[in-house]
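Below is one structure; the comments refer to it alone.
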Amino acid sequence: MRILIFSHLFHPSIGGSETAAMLLANGFVERGHQVTVVTQTAHTQPDDVPFRIIRQPGHWELFRAVRWCDAYLQSNMSLRAGWPLLALNRPWLVIHHTRITRVDGTVGWKDRAKRFFTRFATNLSVSHSMARELPGPSLVLGNAYDDATFRLLPEVPRERDIVFLGRLNYDKGAHLVVDAVAELKRRGRTARLTVIGPGTEEHNLLRRAQECGVADLVTFAGKKTGRELARLLNAHKVHVVPSIVHETFGIVVLEGIACGCAVVVADNGGLVESAGPCGLKFPIGSVPALTDALEKLLAEPALTARLQTGAPAHLARFTRASIIDSYLRVLASAVARRASARRLAPAA
């Protein structure tokens, strides 16, 4: 198959949808398919990937890419990138990573238009939480994590306490973990926190740690990827994903579980689905409840061991091979339906 993937954000941008799109693109190529990725993310360096990337395409370049493909797979719906389908009969599949709303949760006219056009696409949701947000039926396919990279590394001593991994913006909730570390200190327990990720909130988080008297307990590791990130996760006991906005999935949750961490997630949409039986949850935004969960896990290593017993079966659903196989079955079915419809169409 010739598969066209549209991902508004893509490498070198870092995030869940970018990671998912990269894993799919590489996986499709490994299975012998031709892949082109279209993105609005600029990049000045050569792309060291086994597929073509079209960055910030013009209208004609986008039209030719859609005409080239056998199936058009969008990472989140983009009507601006979907207009060639008005003239070109190609299977249109949309992976829904995020809710079709404005940032504040309200629904604007663009959101209404996208919701209307979902009826013309094959809709794929990354979680049941996401599927419930859509007006029509949707097949649930979780995101894959890189199971070749994120795995247990027995040679890495697990000597560090708590890790946060994600973009450093307010919505991701890293400030809650800083506050929880301060609350643990007030309770007489010293716990060290590593904050991993880029973003504009680092200065505010550092100031918050200073004001709370825990600056010596918080380390900012910056952006980490690949094996370096996997080793760092393996060095920690507890991985916290405390987002204060609705999340439909959490690849970082799977990465933490795969590296042997106990996970603590906000009771927040797809994060709980991502954690499965391998973690604890706490009410969104509740520092006391988060602190209680962290204290319990740090004080009871046996609890972490019990949570990890469910990891192999849970993670097996989200390996690259499993998710890529699922997507290829859906893509092949969509292409076959199109071919069948063309055969059955009456001659002009």
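The values are calculated or read from the model by the stated rules, or taken from the named source; none is laboratory data. Fair warning: this is a prediction, and the values are worked out from it, not measured in the lab. Virtual Cβ from ideal backbone geometry, glycine too; neighbours counted across all protein chains shown.
Among the helices (runs of 4 or more DSSP H) contained in segment 48-131, which hold 1 or more residues that are under 22 Å from the mean Cα position of the chain (by Cα) and farther than 19 Å from VAL35 by Cα?
Working: elements: 59-68, 109-117, 128-131.
By residue number, 109-117, 128-131.
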Report summary line: With the first residue restricted to segment 314-343 and required to be farther than 26 Å from ALA275 by Cα and basic (Lys, Arg), and the second required to be at pLDDT 95 or above and crowded, with 17+ Cβ neighbours inside 10 Å, Cβ contacts under 6 Å at 6 or more apart or on different chains are ARG338/PRO91
**Report entry** Given (1) closer than 26 Å to VAL238 by Cα; (2) surrounded by 18 or more Cβ atoms within 10 Å (Cβ to Cβ), number of the condition PRO157 does not satisfy
**Finding:** (2)
Report task. Taking the residues in segment 273-298 that are part of a helix (DSSP H, G or I) and without any contact (Cβ under 8 Å) to a residue 24 or more places away in the chain as candidates, determine which candidate is nearest to ASP161 (Cα to Cα). Result -> LYS296
**Report entry** The lone exception for ALA258 - which of (1) surrounded by 23 or more Cβ atoms within 10 Å (Cβ to Cβ); (2) among the small types (Gly, Ala, Ser); (3) free of Cβ contacts under 8 Å to residues at least 60 places away in the same chain it fails
**Finding:** (3)
Query raised in the report: In segment 164-198, what residues are of a type in the set (Gly, Ala, Ser) and surrounded by fewer than 18 Cβ atoms within 10 Å (Cβ to Cβ)?
Result: GLY188
Report task. Among residues belonging to segment 220-249 that are surrounded by 14 or more Cβ atoms within 10 Å (Cβ to Cβ) and without any contact (Cβ under 8 Å) to a residue 60 or more places away in the chain, point out the one that is nearest to the chain's Cα centre (by Cα). Result -> GLU247
Query raised in the report: Only one residue in THR106, THR98, THR149 is of a type in the set (S, T, N, Q), modelled with pLDDT under 95 and surrounded by 12 or more Cβ atoms within 10 Å (Cβ to Cβ). Which one?
Result: THR98
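Looking only at residues in segment 2-12 that are out of contact with any Cys (no Cβ under 7 Å at 6 or more places or on another chain) and crowded, with 18+ Cβ neighbours inside 10 Å, which one is farthest from ARG337 (Cα to Cα)? Break it down stepwise before answering.
Looking only at segment 2-12, we keep the residues that are out of contact with any Cys (no Cβ under 7 Å at 6 or more places or on another chain), and these are 5-12.
Still in the list and also crowded, with 18+ Cβ neighbours inside 10 Å: 5-8, 10-11.
Working: ILE5: 19, PHE6: 21, SER7: 24, HIS8: 27, PHE10: 30, HIS11: 32 Å.
Within segment 2-12, the match that is farthest from ARG337 (Cα to Cα) is HIS11.
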